[in-house]
1. Go through the range 102-125 and give me each residue that's buried (at least 19 other Cβ atoms within 10 Å of the Cβ) and among the β-branched types (Val, Ile, Thr).
2. If a residue must be open to solvent by less than 20 Å² (accessible area, probe 1.4 Å), in contact with a strand residue (DSSP E or B) (Cβ under 7 Å, 6 or more places away or on another chain) and under 9 Å from Pro77 (Cβ atoms), how many such residues does the range 22-59 contain?
3. In contact (Cβ under 8 Å) with a residue 40 or more places away in the chain, more than 14 Å from the ligand (Cβ to nearest atom), within 25 Å of Asp17 (Cβ to Cβ) and not in a loop (DSSP other than H, G, I, E, B) - does that describe any residue in the range 75-83?
4. Specify which of the listed residues (Asn67, Asn86) is in contact with a Pro (Cβ under 8 Å, 6 or more places away or on another chain), modelled with pLDDT of 95 or more and surrounded by fewer than 17 Cβ atoms within 10 Å (Cβ to Cβ).
5. Given the condition open to solvent by less than 40 Å² (accessible area, probe 1.4 Å), more than 10 Å from the ligand (Cβ to nearest atom) and touching a strand residue (DSSP E or B) at 6+ places or on another chain (Cβ under 6 Å), answer yes or no: does some residue in the range 126-134 qualify?
6. Given the options Thr63, Thr57, Thr12, name the one that is without any contact (Cβ under 8 Å) to a residue 24 or more places away in the chain and of a type in the set (Ser, Thr, Tyr).
Amino acid sequence: MTKITIFQGDITVQKVDAIVNAANTSLRGGGGVDGAIHRAAGAKLDKACQRLGGCLTGEAKTTAGFNLPAKYIIHTPGPIWRGGNNNEEQLLQNCYQNCVLEAEKHHCHSIAFPSISTGVYGFPLKKAAQIALQTLIKSNSSLYITFVCFDQQTYRVYQETLAALLN
Ligand code: AR6
């Protein structure tokens, strides 16, 4: 049984084994949750990311958490929404699947996700929530999974989507 909790807050303060960063393919930081994670983790994070040499959309790479309470940061570049006919749904699914695999590889028990691709990258929120939650439920992972929704609308949509999927 997959255990999923949804709440509203800031992912950088989560006391979990791994937090997920909605990164870009350079892994060199940016705005949104990526910027917040880089600021909170400290300058060593950028050095570690440099050594990873980028990451393809839908794939995932892990660094230490540095100054964060989380032990690891799993960086995954989500797809940029380009109308929906450019494999966006599959790529978003790949992000969640590959983050779970990375967390399991590092023997994590708990993981926190932000809503990947629904900020600057423009993925429609309801569709993204369905893909995220369905993919994680299907993963059948024994991880304790938390969705950390930054704003109220995201929180509401993830809650409604999870309730609908469980019915
Ligand atoms: N904790 C949790 N969620 C957050 C936080 C936070 N501290 N801050 C923002 N969010 P976005 P994307 C939410 O734009 O769409 C970056 O520049 C935010 O409200 O961060 O995948 C990267 O470098 C939204 O719900 O990520 C890439 O270039 C969600 O996180 C690009 O943005 C994702 O919004 C990636 O875009």
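1. If the condition is that a residue be buried (at least 19 other Cβ atoms within 10 Å of the Cβ) and among the β-branched types (Val, Ile, Thr), then Ile111, Ile116, Thr118 are the ones that fit.
2. Adding up the residues that qualify gives 3.
3. Going residue by residue through the range 75-83, those that are in contact (Cβ under 8 Å) with a residue 40 or more places away in the chain are 75-81.
When the remaining residues are screened for being more than 14 Å from the ligand (Cβ to nearest atom), the result is none.
No: the range 75-83 contains no residue that is in contact (Cβ under 8 Å) with a residue 40 or more places away in the chain, more than 14 Å from the ligand (Cβ to nearest atom), within 25 Å of Asp17 (Cβ to Cβ) and not in a loop (DSSP other than H, G, I, E, B).
4. On the way: Asn67 fails: in contact with a Pro (Cβ under 8 Å, 6 or more places away or on another chain).
Among Asn67, Asn86, only Asn86 is in contact with a Pro (Cβ under 8 Å, 6 or more places away or on another chain), modelled with pLDDT of 95 or more and surrounded by fewer than 17 Cβ atoms within 10 Å (Cβ to Cβ).
5. Initially, the range 126-134 is screened for residues open to solvent by less than 40 Å² (accessible area, probe 1.4 Å), giving 128-129, 131-133.
So of that shortlist, the ones also more than 10 Å from the ligand (Cβ to nearest atom) come out as 129, 131-133.
Then keep just the ones that are touching a strand residue (DSSP E or B) at 6+ places or on another chain (Cβ under 6 Å); that gives none.
Scanning the range 126-134, I find no residue that is open to solvent by less than 40 Å² (accessible area, probe 1.4 Å), more than 10 Å from the ligand (Cβ to nearest atom) and touching a strand residue (DSSP E or B) at 6+ places or on another chain (Cβ under 6 Å), so the answer is no.
6. Numbers: Thr57 fails: without any contact (Cβ under 8 Å) to a residue 24 or more places away in the chain; Thr12 fails: without any contact (Cβ under 8 Å) to a residue 24 or more places away in the chain.
The unique qualifying residue is Thr63.
Residue by residue, here is whether (1) on the phi > 0 side of the Ramachandran plot; (2) within 16 Å of the chain's Cα centre (by Cα); (3) assigned to a loop (DSSP other than H, G, I, E, B) holds:
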position	(1), (2), (3)
Pro69	no, no, yes
Asn98	no, yes, no
Gly122	yes, yes, yes
Ala129	no, yes, no
Gln134	no, yes, no
Thr154	no, yes, no
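The rows are residues; the columns are (1) more than 23 Å from Leu133 (Cβ to Cβ); (2) more than 14 Å from the ligand (Cβ to nearest atom).
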site	(1), (2)
Phe7	no, no
Thr12	no, no
Ala23	no, no
Arg39	yes, no
Gly54	yes, no
Pro69	yes, no
Asn86	no, yes
Cys99	no, no
Glu104	no, yes
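The values are calculated or read from the model by the stated rules, or taken from the named source; none is laboratory data. Quick caveat, the model's predicted, so the values are computed rather than measured. Methodologically, a virtual Cβ is constructed for each residue, glycine included, from the backbone with ideal geometry; neighbour enumeration extends over all protein chains shown. Surface accessibility is based on the protein's heavy atoms, side chains included, excluding ligands, DNA and RNA. Shrake-Rupley method; radii C 1.70, N 1.55, O 1.52, S 1.80 Å.
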